[in-house]
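Working notes, beginning with the structure itself.
Values in this text are rule-based calculations from the coordinates and carry no lab data. Quick caveat: nothing in here was measured; it's all calculated off a predicted structure. Reconstructed Cβ throughout: ideal geometry from the backbone, glycine too, with neighbour counts over all protein chains shown.
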Amino acid sequence: MTFLGTLDELKVLVDRLAFPGHWEHKGQFELFVSDQEDTNLRLNWWPQSGVLTVVGDPAEREGVEERLAALLAER
């Protein structure tokens, strides 16, 4: 996936997922970390390239990827 907006715009989209978590700055990329104890889902975003990836348990990741892709398509 690709997102070429700002970090603030991405935060608004991720908030719409209603997935509790927090953001961390990691050098060249931004990281959204789930605050749920029973998951290891992460969202990585590289602002310069716009590359956006969801990592973690495939069973959980796929649903989040689909919902995020739908939100990006609405944008």
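Quick look at the values:
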| quantity | calculated |
| --- | --- |
| Modelled FRET efficiency - R0 22 Å, GLU65 with GLN28, Cβ distances, 0.05 increments | 0.50 |
| Percentage relative contact order, the chain, counting C-alpha pairs under 8 Å, at least six apart | 29 |
| The chain: C-alpha pair distances exceeding 18 Å, % | 31 |
| Using θ = phi - 60° and Karplus 6.51 cos²θ - 1.76 cosθ + 1.60, couplings along region 55-70 (whole Hz; Gly, Pro as x) | 10, x, 4, x, 4, 8, 4, 4, x, 5, 4, 4, 5, 5, 4, 5 |
